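Note sheet for the following structure.
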Amino acid sequence: MEVHVFSTRKEMGAAAGQAIESRILQLAKVSQSIRMVFGAAPSQDEMLAYLRESKQIPWDRITAFHMDEYIGLPADAPQAFGRYLRDRLFDHVPLRAVHLIDGNSNIEEACKVYTTLFQEAPIDIVCLGIGENGHIAFNDPPVADFEDKAVIKPVELDLECRQQQVNDGCFESLDQVPTHALTLTVPALCSGRDLFCVVPGERKHAAVQSTLYDTVSTACPATILRQHPSCQLFLDVDSYGRTT
């Protein structure tokens, strides 16, 4: 894992965006099709803003997925992850295709449809974050499985994960946060050729330290990122920890 630490959140997001942009341009030289997965959270905003403003990215070659979605939350709700990414990126660039998780239909059928789309070809780039409880996507410690056979599955969100949604300002209170969601599994996320992980903010400091130094286990699902052959971690001084 390559770890990059920046003085400000804005610098972190721009650097992550530049790295992703550079990788897209490299892939575009050898492939007409690029497949990317995006996380939806305020932690990703600065990086998404950089990508949205890029004048170099060949968006018409890129097929976009997202990595999780609440079950039962209306698709047009501001907190819905598909809506979040449409507002910040997908509706602003001419993507080849966008595949959104449907959290409002038959769950088994939604998982089957998304699995088929996801497995049509390898995933080139995954843009993700790490939760306050060390989750990646909605693979919280109680449900994370490093050997999961599924591509996407329904999960119950743990309390710390739901509280983070309030901490992030996405919901006003805990009782407004859905209790269940659909998430890409850990193996699905780690199947990406290149992972770019963006994690700002003091509230993420403990999770970052666990990710970097704890034993690789589902107690902190993000520790598995250390075993990926191409993962870059972008931090600001608040998430990494100030040394002075």
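Quick grid of which residues meet (1) hydrophobic (A, V, I, L, M, F, W, C); (2) buried (at least 21 other Cβ atoms within 10 Å of the Cβ):
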{"position": "42", "(1), (2)": "no, no"}
{"position": "45", "(1), (2)": "no, no"}
{"position": "67", "(1), (2)": "yes, yes"}
{"position": "75", "(1), (2)": "yes, no"}
{"position": "85", "(1), (2)": "yes, yes"}
{"position": "89", "(1), (2)": "yes, yes"}
{"position": "101", "(1), (2)": "yes, yes"}
Legend entry - Residue count, segment 111-147 (criterion: touching a residue at least 40 places away in the same chain (Cβ under 8 Å), of a type outside the set (A, V, I, L, M) and either part of a strand (DSSP E or B) or within 28 Å of residue 209 (Cβ to Cβ) (or both)): 14
Legend entry - Selected residue (criterion: nearest to residue 118 (Cα to Cα)) from residues of segment 81-107 that are touching a residue at least 12 places away in the same chain (Cβ under 8 Å) and in contact with an Asp or Glu (Cβ under 7 Å, 6 or more places away or on another chain): 101
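Using the structure shown, decide if residue 58 is closer than 30 Å to residue 175 by Cα and either in contact with a strand residue (DSSP E or B) (Cβ under 7 Å, 6 or more places away or on another chain) or of a type outside the set (Val, Ile, Thr) (or both). Write out each step before concluding.
Working: closer than 30 Å to residue 175 by Cα: no; either in contact with a strand residue (DSSP E or B) (Cβ under 7 Å, 6 or more places away or on another chain) or of a type outside the set (Val, Ile, Thr) (or both): yes.
So residue 58 does not fit the description; no.
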Inset, instruction - Take the residues in segment 58-74 that are assigned to a loop (DSSP other than H, G, I, E, B) and in contact with a Pro (Cβ under 7 Å, 6 or more places away or on another chain), then tell me which one is nearest to residue 107 (Cα to Cα). - result: 71
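Regarding segment 20-30, can at least one residue be identified that is among the β-branched types (Val, Ile, Thr) and assigned to a helix (DSSP H, G or I)? Don't jump to the end; show me each part of the working.
Keep residues of segment 20-30 that are among the β-branched types (Val, Ile, Thr), which gives 20, 24, 30.
Now drop any that are not assigned to a helix (DSSP H, G or I), which leaves 20, 24.
Taking every residue of segment 20-30 in turn, at least one turns out to be among the β-branched types (Val, Ile, Thr) and assigned to a helix (DSSP H, G or I).
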Inset, instruction - List every residue pair whose Cβ atoms sit under 6 Å apart, with the two residues 6 or more apart in sequence or on different chains, where the first one lies in segment 34-62 and is at negative phi and touching a residue at least 40 places away in the same chain (Cβ under 8 Å) and the second, anywhere, is assigned to a helix (DSSP H, G or I) and of a type in the set (Phe, Trp, Tyr). - result: 40/81; 40/84
Legend entry - Answer residue from segment 10-26, given it is in contact with a helix residue (DSSP H, G or I) (Cβ under 6 Å, 6 or more places away or on another chain) and either of a type in the set (Asp, Glu) or in contact (Cβ under 8 Å) with a residue 40 or more places away in the chain (or both) and is surrounded by the most Cβ atoms within 10 Å (Cβ to Cβ) among those: 16
Legend entry - Subset of segment 156-207 [without any contact (Cβ under 8 Å) to a residue 24 or more places away in the chain and either touching a Pro at 6+ places or on another chain (Cβ under 9 Å) or of a type in the set (Lys, Arg) (or both)]: 162
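Among the residues in segment 34-57, are any part of a loop (DSSP other than H, G, I, E, B), farther than 17 Å from residue 124 by Cβ and within 11 Å of the chain's Cα centre (by Cα)?
Taking segment 34-57 and keeping what is part of a loop (DSSP other than H, G, I, E, B), we get 39-41, 54-57.
So of that shortlist, the ones also farther than 17 Å from residue 124 by Cβ come out as 40-41, 55.
Now narrow it down to the ones that are within 11 Å of the chain's Cα centre (by Cα): 40-41.
Checking segment 34-57: at least one residue is part of a loop (DSSP other than H, G, I, E, B), farther than 17 Å from residue 124 by Cβ and within 11 Å of the chain's Cα centre (by Cα).
Read-outs throughout are calculated quantities, based only on the coordinates presented, and are distinct from any laboratory measurement. Everything numeric in this text was worked out from a predicted model, so none of it was measured. Here the Cβ is made from the backbone with ideal geometry for all residues, glycine too, and neighbour counts use every protein chain on show.
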